[in-house]
Amino acid sequence: MNILILNGSPRPNGNTVAMIHAYAEGAAEAGHTVHVVDVCKKKIGGCLACEYCHTKGNGKCMQQDDMQEVYPLLEEAEMIVLASPIYYHSFSGQLQCAINRIYALDKPKKLRKAALLMSSGDDLVYSGAIFEYQNSFLQYLNLQDCGMFAAYGEHNKSEELLSRLKDAGKNLKD
């Protein structure tokens, strides 16, 4: 299976990245192809709501920024993993821009599955990210849920968490 992980963390050695590494390692060991895009290192503007993509653009966004590197990966992905630190009850702004720009493709044709990786300093801040994941990805895109994983405080980077994530990646089925 072709897996695209969108990393919404600006911290190169942060908690979210540790979660991504464990999940991706397990998935790669199981024979899946994993692409990680660090959206915070990209120049990705927010959706302009111009509707070019759904009129003259035939599914192509008029903005010529780094999202153009992500679109081909999205078109080939069979699974998407959203990974983000949770800031003020939702995804990082950088990840949110990338998510909003998926609109140009409407519903990526090969996408069948999704997972959510979240880290934070507190256990009670995930509701906005979970709502968007469940409504935009699971329901609207009709994707199979392959799990939601959250860590907070001292649980971040714990052996138990990283082992659970690696196992989840290993146990992914086509």
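The values are calculated or read from the model by the stated rules, or taken from the named source; none is laboratory data. From a predicted model like this one, the values you see are computed outputs, not experimental measurements. When we count neighbours, we look across all protein chains shown, and the Cβ atoms used for this are built from the backbone with ideal geometry, even at glycine. With ligands, DNA and RNA removed, areas are computed over all heavy atoms of the protein, side chains included. Shrake-Rupley method; radii C 1.70, N 1.55, O 1.52, S 1.80 Å.
List of remarks:
- Among the residues listed as ALA18, ALA28, the single one being assigned to a helix (DSSP H, G or I), over 24 Å from ALA129 (Cα atoms) and small (Gly, Ala, Ser): ALA28
- Of all the listed residues (VAL81, VAL34), the sole one being over 26 Å from GLY128 (Cβ atoms) and assigned to a strand (DSSP E or B) is VAL34.
- On the stretch given as the stretch 84-116, residues that are in contact with a Phe, Trp or Tyr (Cβ under 8 Å, 6 or more places away or on another chain) and open to solvent by less than 20 Å² (accessible area, probe 1.4 Å) total 7.
- Put simply, of ALA168, ALA129 the only residue that is under 16 Å from the mean Cα position of the chain (by Cα), closer than 19 Å to ALA98 by Cα and touching a residue at least 12 places away in the same chain (Cβ under 8 Å) is ALA129.
- The requirement of being among the aromatic types (Phe, Trp, Tyr) and touching a strand residue (DSSP E or B) at 6+ places or on another chain (Cβ under 7 Å) is satisfied by PHE149.
- Selection within the stretch 120-154 - surrounded by fewer than 14 Cβ atoms within 10 Å (Cβ to Cβ) and part of a helix (DSSP H, G or I): SER127, PHE131, ASN135, GLN139, TYR140, GLY153, GLU154
- Residues within the stretch 54-76 that are over 15 Å from CYS97 (Cβ atoms) and in a helix (DSSP H, G or I), tallied: 5
- Among the residues of the stretch 110-124, the one identified as of a type in the set (D, E, K, R), more than 15 Å from GLY147 (Cβ to Cβ) and at pLDDT 95 or above is LYS110.
- Of all residues making up the stretch 143-157, the number that are farther than 18 Å from ARG11 by Cβ and either among the charged types (D, E, K, R) or in contact with a Lys or Arg (Cβ under 8 Å, 6 or more places away or on another chain) (or both): 4
- Among (1) over 15 Å from LYS166 (Cα atoms); (2) surrounded by fewer than 15 Cβ atoms within 10 Å (Cβ to Cβ); (3) of a type in the set (S, T, N, Q) - the single one THR33 does not satisfy: (1)
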